[in-house]
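Before any comments, here is the structure.
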Amino acid sequence: MKKIVKNTVERGVKSLIFAAVACFILFLLSVFSVYPVDAATWYLIALLIGVAAIQWAAIAVVLHLRSDEIGETYKMDTVWWLITFAPTAFFVVLFVILYSVLHSSVAFFALDGVNFLISLLILAAGMGFCYLLDYAYVTATRKNQVHTTTVTVVHKEKKVKEKKNGTDPSREDEKRAKKMDPEGAIFPDLVAMDKEYLLRPYVPAPSADVTLKELCDGFNRYLESKEMYYTPETLRAFVSGLACSHFMILEGLSGTGKTSLPKYFAEYAGTNVCFTSVQASWKDRSDILGYYNDFVGKFKETPFLRALYQASYQTDEINLMVLDEMNLSRIEYYFADFLSVLELDQSQWKIELMPTSTGGELPVKLDECSVVIPPNVWFIGTANKDDSTFTVTDKVYDRAVIIEFTHRNEATMFVRNVPPIHLGAEKLQKLFSDAISNPSYNLSRSDLERFHILTQFVLDAFDINFGNRILNQIMRFVPVYVACGGNSSKALDLMFARKVLRKLEGRFDDDLKANLVKLEKLILQHYNKTDFSATLEVIARLKRKLL
């Protein structure tokens, strides 16, 4: 039986017992002529007790229907309260009509008002006396429980002293401590979230009817209203990066606005965002997802885990999981599981939190004891380039979309209040799929042939292989970038500079500078300087390091 219903039934039964005791007292007073009670009064008292029992049963039924599965909380509005007390209202109106119309003609309804009121007061006094006795009993019992708890605390303090003196507490006591709450939840916060969404199911908000270009232009105006200035290429790359990978790295010097970009995008598009500051001491996934505490028998949940779990309920919300300064620790240590899982089919996007549990209440949305990564979740890491951070390896770079923050844009207009919008995950994914399926946004045969010349030269001159993973990302990045208002050459420029040429960082081959000069000339033969400015800047930076 649910907890709320059980408590309601217990109180109703207790009240009926107290009413029976009070009726017995009233009966004794009538028998011994202390205060005679009329027959009509007895009839009405019996009817009132019956109505009270019916009303209590109605309350129990309604609470059963409106409470959660466990029965700890319930949701009742004005309409449901009116429905709950409808039996009482019906019988009160019925009694008033009967006793006002038939009191003179039917002996059953010939009620003496004074006799009834005094009898009712005696009945109420008897029930009040029973409640006082019950309260005294509960208070005395509670004191005994407090005394027992005090003794337990003293006993625990004694064990602590014994441990300090070298005497280890018995393992049997530890086992009893674990069994203190056998029905408790292993994931208390996640189970509480289940209850919340059971009572208040998620209802997606209407999504704004915008195009990708309108999204980028509106986001740019919103940023300028907040006195934040980014180049249009950066904003287009950010939106396009969401289309080709669920993992993005915003890279650059400190103070260039890496953390602010997802923050303001969440504000403008009405999305969920969870910021997690990476610590230099992080070594494995437990630092980001939490761990199972054997002593208390519960899982130590992190805000990151709670936000990831909530995304399974809010299926039409865009969820940005921002890992701030993610290269303060080695990304492969704590984020390795995510890097591997995101390469698989979406049906396999889940990470084990702990071995499968055989006891305790588990959250509904966990796959056994594995947290599921919904398709409406994107992981965004910010990475500083300084001596206090670790180098981001090729394994991480290949799987992520890289956005470099090297330029600060100037204000194009003076904008004051730009209203935010709400963009749903399904709407955003549809915008992406429409752009990718649009032939006018995709790379033409001539575009592919020109780009193949560059990739082949890089392979021959620098022995840098252009893998299928990068090619698949490009085939999704380019059409979305064009739909955002850019052109295909600039999209190829950004991907080539950040996904291919960055592999030359730290290399000092003898012929490296000569080959860079050849690559520069080859680019200028097939593309204009403006479209491939990012790649040319990388080449110039690499050549300066070789001087």
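Descriptive notes on the structure:
- Selected residue [small (Gly, Ala, Ser) and under 30 Å from Ala269 (Cα atoms)] from Ser329, Ser347: Ser347
- When residues of the range 99-118 are limited to those that are open to solvent by less than 50 Å² (accessible area, probe 1.4 Å) and under 60 Å from the mean Cα position of the chain (by Cα), the one modelled with the lowest pLDDT: Tyr99
- Elements of type helices (runs of 4 or more DSSP H) in the range 396-511, at least 1 residues being closer than 27 Å to Ile318 by Cβ: 425-436, 468-483, 488-499
- Some residue of the range 452-473 being without any contact (Cβ under 8 Å) to a residue 24 or more places away in the chain, under 36 Å from the mean Cα position of the chain (by Cα) and open to solvent by 20 Å² or more (accessible area, probe 1.4 Å): yes
- Matching residues, the range 422-442, being buried (at least 19 other Cβ atoms within 10 Å of the Cβ) and aliphatic (A, V, I, L, M): Leu423, Ala425, Leu428, Leu431, Ala435
- Qualifying residues in the range 325-371 (those that are touching an Asp or Glu at 6+ places or on another chain (Cβ under 6 Å) and open to solvent by less than 70 Å² (accessible area, probe 1.4 Å)) - the one farthest from Val278 (Cα to Cα): Pro363
- The numbered conditions (1) touching an Asp or Glu at 6+ places or on another chain (Cβ under 8 Å); (2) surrounded by fewer than 16 Cβ atoms within 10 Å (Cβ to Cβ); (3) among the hydrophobic types (A, V, I, L, M, F, W, C) are all true for Phe532 except (2).
- Positions within the range 294-324 being on the phi > 0 side of the Ramachandran plot and surrounded by fewer than 18 Cβ atoms within 10 Å (Cβ to Cβ), in sequence order: none
Residue by residue, here is whether (1) closer than 30 Å to Tyr202 by Cβ; (2) among the basic types (Lys, Arg); (3) at pLDDT 90 or above holds:
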| position | (1), (2), (3) |
| --- | --- |
| Val415 | no, no, no |
| Pro420 | yes, no, yes |
| Glu426 | yes, no, yes |
| Pro439 | no, no, yes |
| Ile464 | no, no, no |
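- Among the conditions (1) modelled with pLDDT of 95 or more; (2) of a type outside the set (D, E, K, R); (3) open to solvent by 20 Å² or more (accessible area, probe 1.4 Å), the only one that Ala280 does not satisfy is (1).
- Set side by side, the residues Leu524, Leu501 differ, and just one is of a type in the set (A, V, I, L, M, F, W, C) and surrounded by fewer than 13 Cβ atoms within 10 Å (Cβ to Cβ), which is Leu524.
The values are calculated or read from the model by the stated rules, or taken from the named source; none is laboratory data. Quantities reported herein were computed from a predicted structural model and do not represent experimental measurements. Cβ coordinates were reconstructed from backbone atoms using ideal geometry, including for glycine residues, and neighbour counts include every protein chain displayed. Ligands, DNA and RNA are stripped out before the accessible areas are found, and what is left, the full protein with its side chains, is counted by its heavy atoms. Shrake-Rupley method; radii C 1.70, N 1.55, O 1.52, S 1.80 Å.
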